[in-house]
Amino acid sequence: MVLDKARALPAVLFALTLAACSHSPGETARSQQSGSLVVVVTTSTLGALVQAVGDDLISVHTLVPIGSSPETYEPTPRDLIELEHASLVVENGAGLEAWLDKLIKSSATNARILVLSNIMSPQLRAINPHFWLDPNYCELYVAQIARALSQIDPQSATRYRANAAAEIKRLSDLDNWIRKRIATIPPNRRTMITFHDAWYYFDRRYGIRDVGAIEPSPGREPSAADLSALVATARANNVRAIFAEPEFSPKLAKTLADGAGIKTVTDLYDDSLGQAPDLRTYEGMMRHDVDTIVQALNS
């Protein structure tokens, strides 16, 4: 379905002139006047990592708005404009942004493309694209971001490396904190059903069993038989709560939770940061998520 939408990009290009008329030239001029490097990222979650490394040396532009899913996103004419001004484009890859390759080919960008997940093995990339939800893998992402920025802007390489080292230290501390928080959950309660299959690497790292997801593939709602099977799975595995995400309707999660006689949690963040100030950084998002998971599984 996403690929079908991507085929509409010629029409998007046709509309580009109209979009350019509404584009504020001051925004681009400010980036040029300040001398900051323009970096386009696909998601707000990756944007937070890029901003932590680049600090005030860069200007980060996010394609997928906060609260939207990168797996079902429909590109806009404005995205083409953003790409044209970029020196670096940062994506996750591994199938997360199926629309991006065609968007880049349709643009006039000369930007370097950094695919963060390429550092992972092909076997892992085939399993699941959500590497950043494991802070250990996130450290590898940060190191790649620093290398890419240093190659494009070698005069600032020392600062990029220092910022990356500080962020990696925060991620290491975050990893230790998560381990301690998860340890407070009795082992027989460490079981999750989520809205979509984003938590594979997190669960594997911290000893949580992920026994199912409501959405079997991006953008496809489950059938009645799928929901019935998930209800049986929830009951058989002592699942305490169904975890949904703000960018998706809570209706299906509530239907499943009601059928299984358990509660629904609707504010788990993964593909997107949140709007609240404490959810606008990667660390803030992860601490919120872990506290949410611990509270739900312990109750």
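The values are calculated or read from the model by the stated rules, or taken from the named source; none is laboratory data. Because the structure is predicted, anything quoted here is derived from the model rather than measured. Cβ atoms come from the backbone with ideal geometry, glycine included; neighbour counts cover every protein chain shown.
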Select from the stretch 96-127 the residues that are over 21 Å from residue 73 (Cα atoms) and polar (S, T, N, Q) and write down the one among them that is surrounded by the most Cβ atoms within 10 Å (Cβ to Cβ). 118
Out of (1) within 30 Å of residue 58 (Cβ to Cβ); (2) within 19 Å of the chain's Cα centre (by Cα); (3) crowded, with 17+ Cβ neighbours inside 10 Å, the one residue 160 does not meet is (2)
Residue in the stretch 199-218 that is modelled with pLDDT under 90 and loosely packed, with under 15 Cβ neighbours inside 10 Å present: yes
Before we move on, is residue 191 touching a strand residue (DSSP E or B) at 6+ places or on another chain (Cβ under 7 Å) and over 25 Å from residue 94 (Cβ atoms)? yes
Flag for residue 292 being free of Cβ contacts under 8 Å to residues at least 24 places away in the same chain, surrounded by fewer than 21 Cβ atoms within 10 Å (Cβ to Cβ) and closer than 21 Å to residue 133 by Cβ: no
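Just to check your reading of the model, which residue among 64, 142 is at pLDDT 95 or above, among the β-branched types (Val, Ile, Thr) and under 22 Å from residue 220 (Cα atoms)?
Numbers: 142 fails: under 22 Å from residue 220 (Cα atoms).
Unique residue meeting the criteria: 64.
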Can you tell me which of (1) in contact with a strand residue (DSSP E or B) (Cβ under 7 Å, 6 or more places away or on another chain); (2) modelled with pLDDT of 95 or more; (3) surrounded by fewer than 17 Cβ atoms within 10 Å (Cβ to Cβ) is the one residue 263 doesn't meet? (2)
